[in-house]
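Okay, structure first, notes after.
The values are calculated or read from the model by the stated rules, or taken from the named source; none is laboratory data. Everything quoted here is computed from the prediction, not taken from an experiment. Don't worry about glycine lacking a Cβ; one is built from the backbone with ideal geometry, like all the others, and counts go over all protein chains shown.
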C-alpha cells in the first residue's frame, strides 16, 4: 500500500527548489530506463521562430519526437504569442514530457508563462503545478530551464508525495507478502 506524505509550507518568503525532486525523478528515470529525459523545448524554438512577431496562435499543439520517431514531449496552449525575437507568451500552457515508462511522465500546468527561446527558460509568475504519478508540487512562481531539466518554485509551496518508496528506494510490502494472522 503506498504511503501518503503531504508537505505544507505556506510561507511567502520560503523557496523550494524542485530541482531536487526533478533530480531524483531524473535519476530514477535514467536508472530504470537507461535514458536521459528529453528536454521539453525540442523543436519548439525552431518552430516558433517561423511565427511572425506579434502573431498569435490559439489552440497550439506542439509535439516533439526523438531520432527514432518516439514522442518525447507535447506542448499545448490556449494562446501562444511571439513577443519579440527571443520571447514567447503563453496562456493555459501544458508541457508534458514522456518517458519509456509512463509512470515517469512529467506534466507542468501554467496559467501564463514566458518562454525565452535562446536561453530555453520558461517562467511563470502565477500559481503553477508540476506532477507525476508519484508526486505533485504547486507554487506561486516557477522558473524551468529546459536544457538542464531543472526548475525552481517560490512563494506558497505545497507538495504531495503519493509514494515515498519511489524516493527512498524502499519497496512497500504488498498485502500478499504479509504473514497470515
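Would you check which residues across the stretch 126-147 are in contact with a helix residue (DSSP H, G or I) (Cβ under 8 Å, 6 or more places away or on another chain) and assigned to a loop (DSSP other than H, G, I, E, B) and list them?
133, 134
Under 6 Å by Cβ, and 6 or more places apart or on different chains, what pairs join a residue from the stretch 72-94 that is closer than 17 Å to residue 116 by Cβ with one that is at pLDDT 90 or above and in a loop (DSSP other than H, G, I, E, B)?
Matching pairs, first to second residue: 89/83.
Tally the residues that are part of a strand (DSSP E or B), surrounded by fewer than 16 Cβ atoms within 10 Å (Cβ to Cβ), in contact (Cβ under 8 Å) with a residue 24 or more places away in the chain and under 22 Å from the mean Cα position of the chain (by Cα), restricting the search to the stretch 56-71.
1
Only residues that are out of contact with any helix residue (DSSP H, G or I) (no Cβ under 7 Å at 6 or more places or on another chain) and in a loop (DSSP other than H, G, I, E, B): list them for the stretch 97-125, please.
98, 105, 118, 119, 120, 125
Consider the stretch 117-130. How many of its residues are surrounded by fewer than 16 Cβ atoms within 10 Å (Cβ to Cβ) and either at pLDDT 95 or above or under 21 Å from residue 154 (Cβ atoms) (or both)?
The initial filter retains those residues of the stretch 117-130 that are surrounded by fewer than 16 Cβ atoms within 10 Å (Cβ to Cβ), namely 118-119, 126.
With either at pLDDT 95 or above or under 21 Å from residue 154 (Cβ atoms) (or both) added as a condition, the list becomes 119, 126.
Qualifying residue count, the stretch 117-130: 2.
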